[in-house]
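These notes concern the structure reproduced below.
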Ligand SMILES: Nc1ncnc2c1ncn2[C@@H]1O[C@H](COP(=O)(O)OP(=O)(O)OP(=O)(O)O)[C@@H](O)[C@H]1O
């Protein structure tokens with residue numbers, strides 16, 4: 001008859017099997033669950049799961065449980081070195097109940113983390129007889145010894161882990177491949193992949209879905225680099241015009257004369273270099289969508305012409321008085337404070353109201369940290385493709401830095417940062433140093449890392465955060481912000497300098 005503990009073990013196995021068959025996508029939590037179960041059922045105090053990296057023939061701690069788990073993860077083990085290395089090299093499981101006197105034991109790691117190993121149990125994770133990793137349990141509870149029975153169970157768990165790992169890896173590879181192909185397809189068609197994970201962006205996409213079905217103009221607002229152009233693409237791609245052209249124009253890129261001809265075209269002889277008739281972007285976009293980026297920089301004269309296109313769908317080419325009629329949906333974007341431009345008389349209010357029928361504000365990256373890991377991994381895959389290097393991801397410290405940085409340049413800055421890290425980083429994980437970022441919570445007031453944990457640093461980080469927030473709420477008007485903060489304006493201005501507070505609108 002089965003004992004209670006066996007029933008518990010069998011139930012755990014069934015539970016793990018169900019998970020393996022249902023949740024391929026999150027391999028880390030699955031492996032953690034397997035390791036936790038093995039540790040609990042074999043009564044270990046601590047445990048690790050190491051994976052073999054064939055490129056450098058080393059074992060990396062993928063998961064480490066127990067009081068010193070976080071410390072262990074910094075180490076790597078050479079093939080054949082230590083008990084885990086021995087198990088990987090010989091592809092055999094072992095019980096070591098007198099670790100101190102076992103030649104294979106790596107004293108270095110135990111000493112450095114201050115966690116003496118007395119007893120150990122280790123089993124290889126095998127796929128088609130090849131060892132791809134090792135599970136090891138450390139110190140049987142209550143100073144007991146590990147038994148043959150424990151070892152047999154650990155082997156079963158190690159097999160489960162190997163199976164889960166293999167399934168998840170194939171799943172991830174297929175998913176990455178699909179994403180890469182989709183991305184390639186989009187790039188070939190001139191579009192970008194939009195990564196969205198945070199609830200706030202998912203909500204924006206839902207709004208965009210609804211907005212896309214209409215023909216109204218849309219004004220997309222947000223700081224530089226937040227992805228306004230990608231949202232414009234989504235509006236077009238989700239609309240009934242998606243099989244028609246999507247034409248982009250940067251209104252700040254050209255001087256007034258050239259921009260007019262670029263937008264509306266010209267006829268032969270309209271100006272010195274007009275040697276033949278030329279279609280403008282509005283005509284090229286006929287039936288589709290035009291995206292006017294940096295609309296806040298559109299010169300007054302062209303603002304009047306644009307207003308007419310919106311109201312009457314007609315315009316004249318430069319040098320012609322014949323009206324051209326087009327059916328174009330207008331999307332516009334700006335990172336400038338357009339309301340202030342209207343107040344100052346630099347942007348026509350009638351055009352603003354026409355464009356602003358459906359305004360969509362894209363929040364800066366610092367307000368949606370959930371997007372950071374997803375975006376970072378997406379750019380990492382692009383970096384891998386371009387540099388042909390093999391990165392498996394980011395070290396924990398690197399990811400913490402990405403998450404705590406303020407990203408004044410938003411996603412564009414993150415993209416550049418990862419691209420650079422792929423070039424300078426060494427396989428197989430991107431390290432914090434490769435990011436070339438100050439490890440700061442707000443790009444201001446100095447970094448906050450292991451060596452720099454003083455109260456003064458923490459206070460400065462808080463001050464920088466808080467002041468940025470108040471400035472943002474007051475549209476970066478220092479007089480107003482100083483009033484809210486109840487300090488002198490001159491003192492605020494000094495703090496801005498001292499704490500390196502950056503105005504993203506400048
Ligand atoms: N959600 C996202 N997923 C993937 N890539 C993104 C995302 N958002 C932005 N990017 C990338 O970040 C970069 C900046 O995006 P984009 O040009 O759309 O920003 P913008 O808000 O229009 O900036 P600007 O105001 O300076 O014109 C681009 O390379 C874009 O592909």
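The values are calculated or read from the model by the stated rules, or taken from the named source; none is laboratory data. Quick caveat: nothing in here was measured; it's all calculated off a predicted structure. Reconstructed Cβ throughout: ideal geometry from the backbone, glycine too, with neighbour counts over all protein chains shown.
Is it the case, given these coordinates, that residue 225 is closer than 21 Å to residue 368 by Cβ, in contact (Cβ under 8 Å) with a residue 40 or more places away in the chain and assigned to a loop (DSSP other than H, G, I, E, B)?
The answer is yes for residue 225.
In summary, residue 160 fulfils each of the numbered conditions (1) in contact (Cβ under 8 Å) with a residue 40 or more places away in the chain; (2) in a helix (DSSP H, G or I); (3) under 30 Å from residue 386 (Cα atoms); (4) in the same structural domain as residue 16 (by TED's automatic domain parsing) with the single exception of condition (3). Scanning segment 111-155 for residues that are in a helix (DSSP H, G or I) and either under 36 Å from the mean Cα position of the chain (by Cα) or not assigned by TED's automatic domain parsing to the domain that holds residue 92 (or both) returns 112, 113. Working only within segment 362-380, note down all residues that are closer than 17 Å to residue 419 by Cβ and within 10 Å of the ligand (Cβ to nearest atom). Result: 365, 374, 375, 378, 379. For segment 318-338, a tally of residues being more than 23 Å from residue 213 (Cβ to Cβ) and either outside any helix (DSSP H, G or I) or away from the ligand (no atom under 16 Å from the Cβ) (or both) returns 12. Can you find even one residue in segment 272-289 that is within 30 Å of residue 367 (Cα to Cα) and within 37 Å of the chain's Cα centre (by Cα)? Yes, there is a match, as at least one residue in segment 272-289 is within 30 Å of residue 367 (Cα to Cα) and within 37 Å of the chain's Cα centre (by Cα). Being farther than 19 Å from residue 412 by Cα and either in contact (Cβ under 8 Å) with a residue 24 or more places away in the chain or away from the ligand (no atom under 16 Å from the Cβ) (or both): is that true of residue 180 here? Taking the combined requirement at face value, the residue satisfies it. Can you confirm whether residue 139 is in contact with a helix residue (DSSP H, G or I) (Cβ under 9 Å, 6 or more places away or on another chain) and on the phi > 0 side of the Ramachandran plot? Taking the combined requirement at face value, the residue satisfies it. Here is the figure for segment 184-215: residues that are touching a helix residue (DSSP H, G or I) at 6+ places or on another chain (Cβ under 8 Å) and within 16 Å of the ligand (Cβ to nearest atom) total 13.
If you go through segment 230-247 and keep only what is crowded, with 16+ Cβ neighbours inside 10 Å and either within 15 Å of residue 196 (Cβ to Cβ) or out of contact with any helix residue (DSSP H, G or I) (no Cβ under 7 Å at 6 or more places or on another chain) (or both), you end up with 230, 231, 232, 233, 234, 235, 236, 237, 238, 241, 244.
Pairs meeting the criteria (first residue in segment 183-195 and within 14 Å of residue 229 (Cα to Cα) and free of Cβ contacts under 8 Å to residues at least 60 places away in the same chain, second residue more than 10 Å from the ligand (Cβ to nearest atom) and assigned to a loop (DSSP other than H, G, I, E, B), beta carbons under 6 Å, at least 6 apart or on different chains) are lacking. A residue that is within 14 Å of the ligand (Cβ to nearest atom) and either surrounded by fewer than 21 Cβ atoms within 10 Å (Cβ to Cβ) or touching a residue at least 12 places away in the same chain (Cβ under 8 Å) (or both) cannot be found anywhere in segment 423-432. Taking the criterion of being more than 37 Å from the chain's Cα centre (by Cα) and not in a loop (DSSP other than H, G, I, E, B), the residues of segment 85-110 that qualify are 86, 90, 94, 95, 96, 99, 100, 101, 107.
Working only within segment 189-211, note down all residues that are in contact with a strand residue (DSSP E or B) (Cβ under 9 Å, 6 or more places away or on another chain), assigned to a helix (DSSP H, G or I) and within 19 Å of residue 245 (Cα to Cα). 208, 211, listed by residue number.
Residues are listed down the side, and each one gets a yes or a no for (1) over 12 Å from residue 331 (Cα atoms); (2) under 33 Å from the mean Cα position of the chain (by Cα); (3) part of a strand (DSSP E or B):
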{"position": "229", "(1), (2), (3)": "no, yes, no"}
{"position": "240", "(1), (2), (3)": "yes, yes, no"}
{"position": "247", "(1), (2), (3)": "no, yes, yes"}
{"position": "258", "(1), (2), (3)": "yes, no, no"}
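Note on segment 381-417: among residues that are within 11 Å of the ligand (Cβ to nearest atom) and in a helix (DSSP H, G or I), the one that is surrounded by the fewest Cβ atoms within 10 Å (Cβ to Cβ) is 416.
Scan 282, 271, 315 and give me the residue that is more than 16 Å from the ligand (Cβ to nearest atom), surrounded by fewer than 15 Cβ atoms within 10 Å (Cβ to Cβ) and either closer than 28 Å to residue 214 by Cβ or not assigned by TED's automatic domain parsing to the domain that holds residue 409 (or both). Give the steps one after another, and end with the answer.
Details: 282 fails: surrounded by fewer than 15 Cβ atoms within 10 Å (Cβ to Cβ); 315 fails: surrounded by fewer than 15 Cβ atoms within 10 Å (Cβ to Cβ).
Just one listed residue meets the conditions, 271.
Within segment 180-187, is there a residue that is in a loop (DSSP other than H, G, I, E, B) and surrounded by fewer than 12 Cβ atoms within 10 Å (Cβ to Cβ)? The answer is no, given that none of the residues of segment 180-187 is in a loop (DSSP other than H, G, I, E, B) and surrounded by fewer than 12 Cβ atoms within 10 Å (Cβ to Cβ).
For the condition within 13 Å of the ligand (Cβ to nearest atom), buried (at least 17 other Cβ atoms within 10 Å of the Cβ) and closer than 14 Å to residue 288 by Cβ, residue 226 does not qualify.
Go through segment 260-279 and give me each residue that's part of a strand (DSSP E or B) and over 18 Å from residue 301 (Cβ atoms).
The initial filter retains those residues of segment 260-279 that are part of a strand (DSSP E or B), namely 265-266, 278-279.
278, 279 - these are the residues of segment 260-279 that are part of a strand (DSSP E or B) and over 18 Å from residue 301 (Cβ atoms).
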